[in-house]
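Trainee: Before we start, here is the structure in question, set down as C-alpha coordinates.
The values are calculated or read from the model by the stated rules, or taken from the named source; none is laboratory data. This structure is a prediction, so every number in the text was calculated from the model and none was measured. Counting neighbours? That spans all protein chains shown, and the Cβs are built from the backbone with ideal geometry, glycine included. When the accessible area is computed, the model is the full protein with side chains, heavy atoms only, and any ligands, DNA or RNA have been set aside. Shrake-Rupley method; radii C 1.70, N 1.55, O 1.52, S 1.80 Å.
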Amino acid sequence: MSIQTVNPATNKVVKTFDEMSESAIDAAIEQATKAFESWKKTTYSHRAELLHRVAKLMREKKDTLAKLITLEMGKLIAQAEGEILLSADIFDYYATNGEEFLADKHLNPEYGEAFIRHSPIGVLYGVEPWNFPFYQVARFAAPNLMIGNTILVKHASIVPQCGIIIEELFKEAKAPAGIYTNLLIPGSKATALVKDKRIKGVSLTGSEAAGSSLAAEAGKYLKKSVLELGGSDAFIILEDADIDKTVDWAIVGRINNNGECCIASKRFIAVEAIADEFLMKFTEKMSKLKVGDPMDADTDLGPLSSEAAADLIAKQVDKAIEHGAKIILGGKRRKGEGAFMEVTILTDIKPENPIYYEELFGPIASFYRVKDENAAIELANDSPFGLGGSVFTQDIERGKRVANLIDTGMVYINHPTWTQADLPFGGTKGSGYGRELSALGIEEFVNKKLIRVCGLNDPF
Ligand code: NAP
(Lines give C-alpha, C1' and ligand atoms only; values in the text may rest on other atoms or scores of the structure.)
Protein backbone atom coordinates (compact mmCIF):
# COMPACT_ATOMS: atom_id res chain seq x y z
CA MET A 1 0.00 0.00 0.00
CA SER A 2 1.42 3.39 -0.90
CA ILE A 3 1.74 6.27 1.54
CA GLN A 4 -0.88 8.73 0.37
CA THR A 5 -3.37 11.31 1.46
CA VAL A 6 -6.66 10.36 -0.21
CA ASN A 7 -9.68 12.42 0.81
CA PRO A 8 -12.24 9.73 1.74
CA ALA A 9 -15.14 12.13 1.18
CA THR A 10 -14.25 12.18 -2.55
CA ASN A 11 -11.75 9.32 -2.93
CA LYS A 12 -9.42 11.76 -4.74
CA VAL A 13 -5.67 11.45 -4.22
CA VAL A 14 -4.37 14.64 -2.61
CA LYS A 15 -0.67 13.89 -2.09
CA THR A 16 1.71 10.94 -2.41
CA PHE A 17 4.84 10.39 -0.34
CA ASP A 18 7.97 8.33 -0.89
CA GLU A 19 8.68 5.80 1.81
CA MET A 20 11.96 6.22 3.68
CA SER A 21 15.01 4.38 2.36
CA GLU A 22 16.80 1.78 4.50
CA SER A 23 19.65 4.23 5.09
CA ALA A 24 17.27 7.02 6.16
CA ILE A 25 15.59 4.67 8.64
CA ASP A 26 18.98 3.61 9.97
CA ALA A 27 20.00 7.25 10.40
CA ALA A 28 16.75 8.02 12.22
CA ILE A 29 17.28 5.16 14.69
CA GLU A 30 20.86 6.27 15.21
CA GLN A 31 19.81 9.83 15.91
CA ALA A 32 17.13 8.67 18.38
CA THR A 33 19.77 6.53 20.12
CA LYS A 34 22.19 9.46 20.43
CA ALA A 35 19.37 11.76 21.59
CA PHE A 36 18.51 9.28 24.34
CA GLU A 37 22.00 9.58 25.84
CA SER A 38 21.48 13.26 26.61
CA TRP A 39 17.67 13.28 27.05
CA LYS A 40 17.81 10.69 29.85
CA LYS A 41 20.09 13.02 31.82
CA THR A 42 17.73 16.00 31.68
CA THR A 43 15.48 16.88 34.61
CA TYR A 44 11.77 16.17 34.75
CA SER A 45 11.04 19.89 34.72
CA HIS A 46 13.10 20.30 31.54
CA ARG A 47 11.12 17.52 29.83
CA ALA A 48 7.84 18.90 31.17
CA GLU A 49 8.59 22.27 29.58
CA LEU A 50 8.89 20.61 26.17
CA LEU A 51 5.59 18.75 26.64
CA HIS A 52 3.82 21.95 27.69
CA ARG A 53 5.20 23.73 24.61
CA VAL A 54 3.91 20.95 22.34
CA ALA A 55 0.48 21.17 24.02
CA LYS A 56 0.41 24.95 23.57
CA LEU A 57 1.29 24.68 19.88
CA MET A 58 -1.44 22.09 19.37
CA ARG A 59 -4.02 24.43 20.85
CA GLU A 60 -2.76 27.40 18.84
CA LYS A 61 -2.87 25.41 15.58
CA LYS A 62 -6.04 23.51 16.42
CA ASP A 63 -7.97 24.58 13.32
CA THR A 64 -5.21 23.68 10.86
CA LEU A 65 -4.44 20.36 12.53
CA ALA A 66 -8.12 19.40 12.77
CA LYS A 67 -8.64 20.11 9.05
CA LEU A 68 -5.75 17.81 8.24
CA ILE A 69 -7.34 14.98 10.26
CA THR A 70 -10.66 15.45 8.47
CA LEU A 71 -9.00 15.63 5.07
CA GLU A 72 -6.99 12.46 5.57
CA MET A 73 -9.41 10.14 7.39
CA GLY A 74 -12.85 11.76 7.24
CA LYS A 75 -13.53 12.53 10.92
CA LEU A 76 -16.22 15.18 11.47
CA ILE A 77 -14.47 18.53 11.83
CA ALA A 78 -15.85 19.28 15.33
CA GLN A 79 -14.64 15.88 16.53
CA ALA A 80 -11.23 16.49 14.94
CA GLU A 81 -10.96 19.76 16.89
CA GLY A 82 -11.93 17.84 20.04
CA GLU A 83 -9.18 15.32 19.32
CA ILE A 84 -6.54 18.07 19.12
CA LEU A 85 -7.65 19.50 22.48
CA LEU A 86 -7.67 16.04 24.07
CA SER A 87 -4.15 15.38 22.73
CA ALA A 88 -2.93 18.71 24.14
CA ASP A 89 -4.49 17.76 27.50
CA ILE A 90 -2.53 14.50 27.47
CA PHE A 91 0.78 16.34 26.91
CA ASP A 92 -0.06 18.78 29.73
CA TYR A 93 -1.23 15.99 32.01
CA TYR A 94 2.06 14.09 31.86
CA ALA A 95 4.08 17.30 32.03
CA THR A 96 2.24 18.23 35.24
CA ASN A 97 2.02 14.83 36.91
CA GLY A 98 4.87 12.80 35.43
CA GLU A 99 7.47 13.66 38.07
CA GLU A 100 5.12 12.61 40.86
CA PHE A 101 4.23 9.35 39.08
CA LEU A 102 7.92 8.57 38.59
CA ALA A 103 9.14 9.59 42.04
CA ASP A 104 11.25 7.09 43.96
CA LYS A 105 9.12 4.53 45.77
CA HIS A 106 10.58 3.89 49.20
CA LEU A 107 10.37 0.37 50.57
CA ASN A 108 10.57 -0.71 54.16
CA PRO A 109 13.19 -3.44 54.54
CA GLU A 110 14.19 -4.88 57.92
CA TYR A 111 17.48 -2.98 57.87
CA GLY A 112 19.17 -0.35 55.72
CA GLU A 113 17.42 1.53 52.94
CA ALA A 114 15.73 0.43 49.70
CA PHE A 115 13.82 2.23 47.01
CA ILE A 116 12.56 1.81 43.45
CA ARG A 117 14.02 4.25 40.95
CA HIS A 118 12.16 4.66 37.64
CA SER A 119 14.72 4.80 34.85
CA PRO A 120 14.12 5.22 31.12
CA ILE A 121 14.98 2.26 28.88
CA GLY A 122 15.90 3.90 25.57
CA VAL A 123 14.49 4.26 22.08
CA LEU A 124 10.85 3.17 21.76
CA TYR A 125 9.09 2.31 18.54
CA GLY A 126 5.34 2.96 18.21
CA VAL A 127 3.13 1.80 15.34
CA GLU A 128 -0.03 3.89 15.26
CA PRO A 129 -3.45 3.74 13.54
CA TRP A 130 -5.26 6.37 11.51
CA ASN A 131 -8.50 6.58 13.49
CA PHE A 132 -7.22 9.13 16.05
CA PRO A 133 -4.06 10.37 14.34
CA PHE A 134 -3.03 12.81 17.12
CA TYR A 135 -4.55 11.27 20.24
CA GLN A 136 -3.00 7.83 19.63
CA VAL A 137 0.44 9.39 19.26
CA ALA A 138 -0.06 11.64 22.31
CA ARG A 139 -0.84 8.78 24.64
CA PHE A 140 2.28 6.89 23.54
CA ALA A 141 4.73 9.80 23.17
CA ALA A 142 3.87 12.10 26.10
CA PRO A 143 4.42 9.70 29.05
CA ASN A 144 7.45 8.10 27.46
CA LEU A 145 9.19 11.38 26.70
CA MET A 146 8.54 12.41 30.31
CA ILE A 147 10.29 9.24 31.49
CA GLY A 148 13.33 10.14 29.37
CA ASN A 149 12.83 7.65 26.53
CA THR A 150 13.03 8.78 22.90
CA ILE A 151 10.35 8.05 20.34
CA LEU A 152 10.09 6.68 16.80
CA VAL A 153 6.59 6.62 15.32
CA LYS A 154 5.49 4.71 12.25
CA HIS A 155 2.09 6.24 11.56
CA ALA A 156 -0.65 4.70 9.41
CA SER A 157 -0.04 5.08 5.68
CA ILE A 158 -3.33 6.92 5.07
CA VAL A 159 -2.49 9.81 7.44
CA PRO A 160 1.05 10.77 6.33
CA GLN A 161 0.52 14.50 6.69
CA CYS A 162 -0.70 14.10 10.27
CA GLY A 163 2.42 12.04 11.01
CA ILE A 164 4.71 14.63 9.46
CA ILE A 165 3.11 17.62 11.15
CA ILE A 166 3.41 16.04 14.62
CA GLU A 167 7.17 15.80 14.09
CA GLU A 168 7.15 19.44 12.94
CA LEU A 169 5.33 20.47 16.12
CA PHE A 170 8.16 18.95 18.15
CA LYS A 171 10.73 20.82 16.06
CA GLU A 172 8.84 24.07 16.53
CA ALA A 173 8.68 23.35 20.27
CA LYS A 174 12.50 23.18 20.16
CA ALA A 175 12.78 19.46 20.90
CA PRO A 176 16.38 18.29 20.41
CA ALA A 177 16.85 16.29 17.17
CA GLY A 178 16.04 12.62 17.62
CA ILE A 179 13.67 13.03 20.57
CA TYR A 180 10.64 12.42 18.38
CA THR A 181 10.93 11.05 14.83
CA ASN A 182 8.26 10.21 12.27
CA LEU A 183 9.06 7.19 10.07
CA LEU A 184 7.39 7.11 6.67
CA ILE A 185 7.23 3.37 6.09
CA PRO A 186 4.42 1.01 5.08
CA GLY A 187 2.87 -1.55 7.42
CA SER A 188 4.46 -4.38 5.44
CA LYS A 189 7.88 -3.18 6.60
CA ALA A 190 6.93 -2.16 10.14
CA THR A 191 7.69 -5.40 11.96
CA ALA A 192 11.18 -5.74 10.47
CA LEU A 193 12.46 -2.83 12.56
CA VAL A 194 11.75 -4.53 15.88
CA LYS A 195 14.90 -6.64 15.80
CA ASP A 196 17.15 -3.59 15.61
CA LYS A 197 19.28 -3.71 18.78
CA ARG A 198 18.94 0.02 19.33
CA ILE A 199 15.14 -0.26 19.80
CA LYS A 200 14.29 -1.23 23.38
CA GLY A 201 10.49 -1.39 23.46
CA VAL A 202 7.57 -1.50 21.02
CA SER A 203 3.93 -0.50 21.10
CA LEU A 204 1.20 -1.00 18.51
CA THR A 205 -2.34 0.26 18.31
CA GLY A 206 -4.28 -1.36 15.51
CA SER A 207 -5.60 -4.68 14.31
CA GLU A 208 -4.93 -8.09 15.87
CA ALA A 209 -2.99 -9.21 12.79
CA ALA A 210 -0.57 -6.29 12.96
CA GLY A 211 -0.30 -6.54 16.76
CA SER A 212 0.44 -10.22 16.63
CA SER A 213 3.11 -9.71 13.98
CA LEU A 214 4.88 -6.98 15.94
CA ALA A 215 4.58 -8.69 19.34
CA ALA A 216 5.83 -12.03 18.01
CA GLU A 217 8.98 -10.29 16.82
CA ALA A 218 9.29 -8.41 20.11
CA GLY A 219 9.03 -11.71 21.96
CA LYS A 220 11.68 -13.26 19.75
CA TYR A 221 14.09 -10.44 20.56
CA LEU A 222 13.05 -10.19 24.23
CA LYS A 223 11.62 -6.70 24.06
CA LYS A 224 8.75 -5.35 26.08
CA SER A 225 5.57 -4.72 24.05
CA VAL A 226 2.24 -3.03 24.63
CA LEU A 227 -0.73 -3.80 22.35
CA GLU A 228 -3.94 -1.79 22.01
CA LEU A 229 -6.05 -3.76 19.54
CA GLY A 230 -9.62 -4.06 18.32
CA GLY A 231 -12.82 -4.32 20.28
CA SER A 232 -16.46 -5.31 19.99
CA ASP A 233 -17.88 -3.51 22.98
CA ALA A 234 -21.21 -4.63 24.39
CA PHE A 235 -23.78 -1.96 25.24
CA ILE A 236 -26.18 -3.59 27.72
CA ILE A 237 -29.62 -2.10 28.30
CA LEU A 238 -31.33 -3.41 31.45
CA GLU A 239 -35.08 -3.13 32.04
CA ASP A 240 -34.71 -0.21 34.49
CA ALA A 241 -32.70 1.97 32.08
CA ASP A 242 -33.99 5.40 31.06
CA ILE A 243 -34.68 4.37 27.46
CA ASP A 244 -34.78 7.80 25.80
CA LYS A 245 -31.45 8.90 27.25
CA THR A 246 -29.98 5.44 26.62
CA VAL A 247 -30.94 5.66 22.95
CA ASP A 248 -29.15 9.00 22.64
CA TRP A 249 -25.98 7.52 24.16
CA ALA A 250 -26.32 4.41 22.00
CA ILE A 251 -26.17 6.60 18.90
CA VAL A 252 -23.14 8.53 20.15
CA GLY A 253 -21.46 5.26 21.14
CA ARG A 254 -21.98 3.75 17.71
CA ILE A 255 -21.38 6.61 15.29
CA ASN A 256 -18.79 8.76 17.05
CA ASN A 257 -15.70 8.97 14.81
CA ASN A 258 -17.90 7.65 11.95
CA GLY A 259 -18.14 4.35 13.82
CA GLU A 260 -14.38 3.78 13.55
CA CYS A 261 -13.53 3.62 17.23
CA CYS A 262 -11.92 0.65 18.95
CA ILE A 263 -14.14 1.44 21.95
CA ALA A 264 -17.30 2.12 19.94
CA SER A 265 -20.46 0.45 21.21
CA LYS A 266 -20.81 -2.32 18.65
CA ARG A 267 -23.13 -4.94 20.13
CA PHE A 268 -26.40 -3.62 21.58
CA ILE A 269 -27.78 -6.15 24.04
CA ALA A 270 -31.28 -5.40 25.37
CA VAL A 271 -33.21 -7.46 27.92
CA GLU A 272 -36.58 -8.74 26.71
CA ALA A 273 -38.73 -6.33 28.77
CA ILE A 274 -37.48 -3.19 26.96
CA ALA A 275 -36.00 -4.66 23.76
CA ASP A 276 -38.84 -3.59 21.42
CA GLU A 277 -39.01 -0.07 22.78
CA PHE A 278 -35.24 0.39 22.60
CA LEU A 279 -34.98 -1.00 19.06
CA MET A 280 -37.87 1.10 17.76
CA LYS A 281 -36.53 4.37 19.20
CA PHE A 282 -32.91 3.56 18.28
CA THR A 283 -33.88 2.76 14.67
CA GLU A 284 -35.98 5.89 14.34
CA LYS A 285 -33.18 8.19 15.52
CA MET A 286 -30.44 6.36 13.59
CA SER A 287 -32.51 6.72 10.40
CA LYS A 288 -32.54 10.50 10.78
CA LEU A 289 -28.77 10.96 10.91
CA LYS A 290 -27.39 13.23 8.23
CA VAL A 291 -24.64 11.53 6.25
CA GLY A 292 -22.31 13.75 4.23
CA ASP A 293 -19.31 16.09 4.06
CA PRO A 294 -17.24 15.80 7.26
CA MET A 295 -16.13 19.44 6.91
CA ASP A 296 -19.79 20.56 7.17
CA ALA A 297 -20.76 21.31 10.78
CA ASP A 298 -24.31 19.98 10.16
CA THR A 299 -23.17 16.48 9.21
CA ASP A 300 -23.78 13.66 11.72
CA LEU A 301 -21.84 10.93 9.93
CA GLY A 302 -18.93 11.27 7.54
CA PRO A 303 -17.27 8.74 5.23
CA LEU A 304 -15.26 5.74 6.33
CA SER A 305 -11.51 6.38 6.44
CA SER A 306 -10.88 4.91 3.00
CA GLU A 307 -12.53 3.14 0.09
CA ALA A 308 -10.95 -0.10 1.33
CA ALA A 309 -12.53 0.35 4.78
CA ALA A 310 -15.97 1.04 3.26
CA ASP A 311 -15.66 -1.92 0.92
CA LEU A 312 -14.64 -4.21 3.80
CA ILE A 313 -17.55 -3.27 6.02
CA ALA A 314 -20.06 -3.57 3.16
CA LYS A 315 -18.71 -7.09 2.56
CA GLN A 316 -19.04 -7.91 6.27
CA VAL A 317 -22.71 -6.81 6.19
CA ASP A 318 -23.33 -8.95 3.08
CA LYS A 319 -21.70 -11.91 4.82
CA ALA A 320 -23.83 -11.35 7.94
CA ILE A 321 -26.98 -11.44 5.79
CA GLU A 322 -25.88 -14.53 3.86
CA HIS A 323 -25.63 -16.26 7.23
CA GLY A 324 -29.11 -15.30 8.41
CA ALA A 325 -28.86 -11.78 9.86
CA LYS A 326 -31.72 -9.35 9.12
CA ILE A 327 -31.42 -5.70 8.21
CA ILE A 328 -33.57 -3.23 10.13
CA LEU A 329 -31.92 -0.15 8.61
CA GLY A 330 -29.45 0.64 5.81
CA GLY A 331 -27.10 -2.14 4.79
CA LYS A 332 -25.61 -0.72 1.58
CA ARG A 333 -22.85 1.56 0.35
CA ARG A 334 -24.22 5.07 -0.17
CA LYS A 335 -24.52 6.00 -3.86
CA GLY A 336 -22.21 8.69 -5.24
CA GLU A 337 -18.57 9.55 -4.62
CA GLY A 338 -16.67 8.89 -1.42
CA ALA A 339 -16.14 6.04 1.03
CA PHE A 340 -19.64 6.23 2.51
CA MET A 341 -21.69 3.47 4.11
CA GLU A 342 -25.31 3.73 5.16
CA VAL A 343 -26.18 3.79 8.85
CA THR A 344 -27.07 0.15 9.44
CA ILE A 345 -28.77 -1.95 12.11
CA LEU A 346 -28.52 -5.76 11.99
CA THR A 347 -30.54 -8.24 14.08
CA ASP A 348 -30.82 -12.04 14.31
CA ILE A 349 -27.07 -12.62 14.41
CA LYS A 350 -26.51 -16.13 15.75
CA PRO A 351 -23.21 -17.53 17.06
CA GLU A 352 -22.97 -19.62 13.84
CA ASN A 353 -22.82 -16.39 11.83
CA PRO A 354 -19.12 -15.56 11.26
CA ILE A 355 -19.90 -11.87 11.89
CA TYR A 356 -20.91 -12.72 15.48
CA TYR A 357 -17.24 -12.79 16.52
CA GLU A 358 -15.95 -10.04 14.20
CA GLU A 359 -15.36 -6.35 14.86
CA LEU A 360 -17.59 -4.05 12.76
CA PHE A 361 -15.51 -0.89 12.25
CA GLY A 362 -18.09 1.54 10.87
CA PRO A 363 -21.69 2.74 11.44
CA ILE A 364 -23.12 -0.78 11.77
CA ALA A 365 -25.00 -1.68 14.97
CA SER A 366 -25.64 -5.32 15.88
CA PHE A 367 -28.77 -5.73 18.00
CA TYR A 368 -29.35 -8.69 20.34
CA ARG A 369 -32.42 -9.49 22.44
CA VAL A 370 -31.81 -11.54 25.61
CA LYS A 371 -33.94 -12.92 28.43
CA ASP A 372 -32.36 -11.15 31.39
CA GLU A 373 -29.29 -9.63 33.01
CA ASN A 374 -27.41 -12.94 33.27
CA ALA A 375 -27.97 -13.68 29.59
CA ALA A 376 -26.78 -10.17 28.74
CA ILE A 377 -23.53 -10.69 30.67
CA GLU A 378 -23.01 -14.09 29.05
CA LEU A 379 -23.45 -12.65 25.57
CA ALA A 380 -21.23 -9.65 26.33
CA ASN A 381 -18.44 -12.01 27.37
CA ASP A 382 -18.89 -14.32 24.37
CA SER A 383 -16.37 -12.37 22.30
CA PRO A 384 -12.73 -12.79 21.38
CA PHE A 385 -12.28 -9.12 22.35
CA GLY A 386 -12.09 -7.56 25.79
CA LEU A 387 -11.68 -3.82 25.36
CA GLY A 388 -14.60 -1.79 26.79
CA GLY A 389 -18.33 -2.01 27.38
CA SER A 390 -21.35 -0.23 28.85
CA VAL A 391 -24.25 -1.02 31.16
CA PHE A 392 -27.35 1.15 31.27
CA THR A 393 -29.45 0.98 34.45
CA GLN A 394 -30.82 3.47 36.95
CA ASP A 395 -29.57 1.28 39.79
CA ILE A 396 -25.88 2.15 40.10
CA GLU A 397 -25.11 -0.72 42.49
CA ARG A 398 -26.63 -3.12 39.98
CA GLY A 399 -24.53 -1.48 37.26
CA LYS A 400 -21.37 -2.02 39.31
CA ARG A 401 -22.30 -5.66 39.92
CA VAL A 402 -22.77 -6.24 36.19
CA ALA A 403 -19.57 -4.29 35.38
CA ASN A 404 -17.67 -6.58 37.74
CA LEU A 405 -18.74 -9.60 35.69
CA ILE A 406 -17.82 -8.20 32.28
CA ASP A 407 -14.54 -9.48 30.97
CA THR A 408 -12.99 -6.32 29.50
CA GLY A 409 -10.39 -3.69 30.39
CA MET A 410 -12.96 -0.90 30.84
CA VAL A 411 -16.69 -0.81 31.68
CA TYR A 412 -18.72 2.40 31.80
CA ILE A 413 -22.06 2.67 33.60
CA ASN A 414 -24.66 4.86 31.84
CA HIS A 415 -22.16 6.06 29.22
CA PRO A 416 -20.44 4.63 26.13
CA THR A 417 -16.79 3.76 26.81
CA TRP A 418 -14.65 6.87 26.43
CA THR A 419 -11.26 8.29 27.30
CA GLN A 420 -9.52 11.10 29.15
CA ALA A 421 -5.91 11.80 30.11
CA ASP A 422 -6.25 10.74 33.75
CA LEU A 423 -8.12 7.44 33.22
CA PRO A 424 -6.38 4.23 32.15
CA PHE A 425 -7.10 2.79 28.71
CA GLY A 426 -6.53 -0.75 27.51
CA GLY A 427 -7.97 -4.20 27.10
CA THR A 428 -7.72 -7.88 27.78
CA LYS A 429 -8.18 -11.06 25.64
CA GLY A 430 -7.81 -10.31 21.90
CA SER A 431 -7.86 -6.56 22.58
CA GLY A 432 -4.25 -6.61 23.70
CA TYR A 433 -2.31 -5.98 26.91
CA GLY A 434 -0.76 -3.13 28.81
CA ARG A 435 -2.30 0.24 29.58
CA GLU A 436 -2.01 3.76 28.26
CA LEU A 437 -2.96 7.05 29.95
CA SER A 438 -3.24 7.85 33.70
CA ALA A 439 -0.55 6.89 36.18
CA LEU A 440 -0.61 3.33 34.76
CA GLY A 441 0.36 4.44 31.25
CA ILE A 442 3.68 5.86 32.38
CA GLU A 443 4.81 2.56 33.93
CA GLU A 444 5.03 0.42 30.81
CA PHE A 445 8.45 1.37 29.46
CA VAL A 446 10.44 2.08 32.62
CA ASN A 447 13.08 0.09 34.37
CA LYS A 448 11.80 -0.20 37.94
CA LYS A 449 15.24 -0.43 39.43
CA LEU A 450 15.83 -1.50 43.02
CA ILE A 451 18.48 0.55 44.79
CA ARG A 452 19.49 -0.98 48.12
CA VAL A 453 21.70 0.69 50.71
CA CYS A 454 23.32 -1.68 53.24
CA GLY A 455 25.74 -1.27 56.11
CA LEU A 456 28.99 -3.22 55.80
CA ASN A 457 28.07 -5.18 58.92
CA ASP A 458 24.49 -5.96 57.90
CA PRO A 459 23.62 -9.70 57.64
CA PHE A 460 23.79 -11.57 54.30
P1 NAP B 1 -3.88 -1.88 11.15
O2 NAP B 1 -4.05 -2.25 9.75
O3 NAP B 1 -3.40 -2.88 12.12
O4 NAP B 1 -2.96 -0.58 11.17
C5 NAP B 1 -2.46 -0.05 12.35
C6 NAP B 1 -0.99 0.25 12.17
O7 NAP B 1 -0.29 -0.98 12.00
C8 NAP B 1 -0.69 1.07 10.92
O9 NAP B 1 0.37 1.94 11.17
C10 NAP B 1 -0.30 0.01 9.91
O11 NAP B 1 0.50 0.49 8.87
C12 NAP B 1 0.47 -0.96 10.78
N13 NAP B 1 0.55 -2.30 10.26
C14 NAP B 1 -0.22 -2.90 9.33
N15 NAP B 1 0.18 -4.17 9.12
C16 NAP B 1 1.24 -4.37 9.94
C17 NAP B 1 2.09 -5.48 10.20
N18 NAP B 1 1.94 -6.65 9.57
N19 NAP B 1 3.08 -5.35 11.10
C20 NAP B 1 3.25 -4.19 11.77
N21 NAP B 1 2.47 -3.10 11.56
C22 NAP B 1 1.48 -3.19 10.67
O23 NAP B 1 -5.21 -1.33 11.81
P24 NAP B 1 -6.42 -0.66 11.09
O25 NAP B 1 -7.32 -1.75 10.65
O26 NAP B 1 -6.01 0.34 10.14
O27 NAP B 1 -6.99 0.11 12.39
C28 NAP B 1 -8.13 -0.23 13.03
C29 NAP B 1 -7.90 -1.25 14.13
O30 NAP B 1 -7.21 -0.63 15.20
C31 NAP B 1 -9.22 -1.70 14.68
O32 NAP B 1 -9.20 -3.06 14.96
C33 NAP B 1 -9.34 -0.89 15.96
O34 NAP B 1 -10.22 -1.42 16.89
C35 NAP B 1 -7.92 -0.86 16.41
N36 NAP B 1 -7.69 0.24 17.36
C37 NAP B 1 -7.45 -0.07 18.68
C38 NAP B 1 -7.28 0.94 19.61
C39 NAP B 1 -7.02 0.63 21.07
O40 NAP B 1 -6.60 1.52 21.79
N41 NAP B 1 -7.27 -0.57 21.55
C42 NAP B 1 -7.32 2.27 19.20
C43 NAP B 1 -7.57 2.54 17.85
C44 NAP B 1 -7.73 1.51 16.94
P45 NAP B 1 -0.11 0.86 7.42
O46 NAP B 1 -1.15 1.89 7.66
O47 NAP B 1 1.07 1.36 6.71
O48 NAP B 1 -0.68 -0.42 6.87
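Trainee: Please work out the average accessible area per residue across region 233-413, using the 1.4 Å probe convention, and give it in Å².
Mentor: 41
Trainee: Going by alpha carbons, how many degrees (0 to 90, nearest 10) lie between the helix axis of 44-60 and the longest principal axis of the chain?
Mentor: 40
Trainee: Quick one: which residues, 5+ away or cross-chain, put their amide H under 5 Å from the amide H of residue 224? H built at 1.01 Å from N.
Mentor: Residues meeting the criterion, in which the H sits 1.01 Å from N, are 202.
Trainee: For region 233-413, calculate the relative contact order in percent as a whole number, restricting contacts to Cα pairs under 8 Å that are 6 or more residues apart.
Mentor: 29
Trainee: Assign one of three labels to region 66-182, namely rounded, prolate or oblate, based on the Cα gyration tensor with a ≥ b ≥ c the square roots of its eigenvalues; rounded applies when a/c is under 1.5, prolate when it is not and a/b is larger than b/c, and oblate otherwise.
Mentor: In terms of gyration-tensor shape, prolate.
Trainee: Share of region 78-223's accessible area from carbon and sulfur, percent, 1.4 Å?
Mentor: 55
Trainee: If R₀ is 56 angstrom, what is the calculated FRET efficiency for the pair residue 352 and residue 99, using the beta carbon separation as r and rounding to 0.05?
Mentor: The formula returns an efficiency of 0.55 here.
Trainee: For the chain, take the longest principal axis of its alpha carbons; what is the angle in degrees between that and the long axis of helix 307-322, to the nearest 10 within 0 to 90?
Mentor: Once rounded, the angle reads 50 degrees.
Trainee: If Lys and Arg each add +1 and Asp and Glu each add -1, what is the summed charge of the other residues whose beta carbon sits under 12 Å from the beta carbon of residue 230?
Mentor: -4
Trainee: If you don't mind, there's one more thing I want to ask. At a probe radius of 1.4 Å, what is the per-residue accessible area of residue 172, in Å² to the nearest 10?
Mentor: Solvent-accessible area, nearest 10 Å²: 90 Å².
Trainee: Then there's this: Along the charge dipole of the chain, pointing to its positive end and built from +1/-1 on Cβ of Lys, Arg, Asp and Glu, which listed residue (336, 279, 451) has its Cα farthest out?
Mentor: 451
Trainee: Computed over the Cα atoms of the chain, what is the convex hull's projected area averaged over all directions, in nm²?
Mentor: Averaging across all directions leaves 23.9 nm² for the Cα convex hull.
Trainee: Extension gain residue 381-residue 34, at 0.36 nm per residue separation less the Cα-Cα distance, in nm?
Mentor: 120.3 nm is the gain from fully extending residue 381 to residue 34.
Trainee: While we're on this one: Within region 194-238, which trypsin sites (Lys or Arg not before Pro) sit in a loop by DSSP and count at most 14 neighbouring Cβ atoms inside 10 Å?
Mentor: Answer by residue number: 197.
Trainee: Something else about it: On C-alpha positions alone, give me the angle between the axis of helix 396-405 and the longest principal axis of the chain, in degrees, nearest 10.
Mentor: 70
Trainee: Using a 1.4 Å probe on the protein chains only, how many percent of the accessible area of region 3-59 belongs to carbon and sulfur?
Mentor: That share works out to 55 percent.
Trainee: Quick check: residue separation of residue 174 and residue 85 times 0.36 nm, minus the Cα distance between them. What number comes out in nm?
Mentor: Computed gain between residue 174 and residue 85 is 30.0 nm.
Trainee: 7 Å from Cα along Cα→Cβ at both residue 327 and residue 307: what's the point-to-point distance in nm?
Mentor: For residue 327 paired with residue 307, the spin-label model returns 2.2 nm.
Trainee: While we're looking at this one, here's another question. If you average the sequence gap of Cα pairs under 8 Å that are 6 or more apart and divide by the length of region 242-320, what percent do you get for the contact order?
Mentor: Computed over region 242-320, the figure is 24 percent.
Trainee: Got the relative contact order for the chain handy, in percent, Cα pairs under 8 Å and 6 or more residues apart?
Mentor: In percent, rounded to a whole number, it is 19.
Trainee: Gap in Å between the Cα centre of region 137-155 and the Cα centre of region 316-333?
Mentor: Each part's Cα centre sits 41 Å from the other's.
Trainee: For a label point 7 angstrom out from the Cα of residue 41 toward its Cβ, which stretches of region 101-130 have the backbone nitrogen within less than 18 Å?
Mentor: Zone members listed by number: 119-123.
Trainee: Moving on. In whole Hz, what ³J(HN,Hα) sequence does region 365-377 give by Karplus (6.51, -1.76, 1.60; θ = phi - 60°), x for Gly and Pro?
Mentor: 9, 9, 10, 10, 10, 10, 5, 7, 4, 4, 5, 5, 5
Trainee: Residue by residue, what Karplus-based ³J(HN,Hα) values in Hz, rounded to whole numbers, does region 210-218 have, using 6.51, -1.76 and 1.60 with θ = phi - 60° and x for Gly and Pro?
Mentor: For region 210-218, the Karplus-derived couplings read 5, x, 5, 4, 5, 5, 4, 5, 4 Hz, x marking Gly and Pro.
Trainee: Separate question: Please give the contour-minus-distance gain from residue 451 to residue 24: 0.36 nm per residue of separation, less the Cα-Cα distance, rounded to one decimal in nm.
Mentor: 149.8 nm
Trainee: If you don't mind, another one. Residue 65 accessible area, nearest 10 Å², 1.4 Å probe?
Mentor: Spelled out: residue 65, probe radius 1.4 Å, area about 0 Å².
Trainee: While we're looking at this one, here's another question. Accessible area of region 233-413 with a 1.4 Å probe: how many percent of it is carbon plus sulfur?
Mentor: Carbon with sulfur: 52 percent of the solvent-accessible area.
Trainee: Along the Cα-to-Cβ line of residue 396, 7 Å from the Cα, sits a label point; which residues in region 406-443 have backbone N less than 14 Å from it?
Mentor: Backbone N within reach: 413-415.
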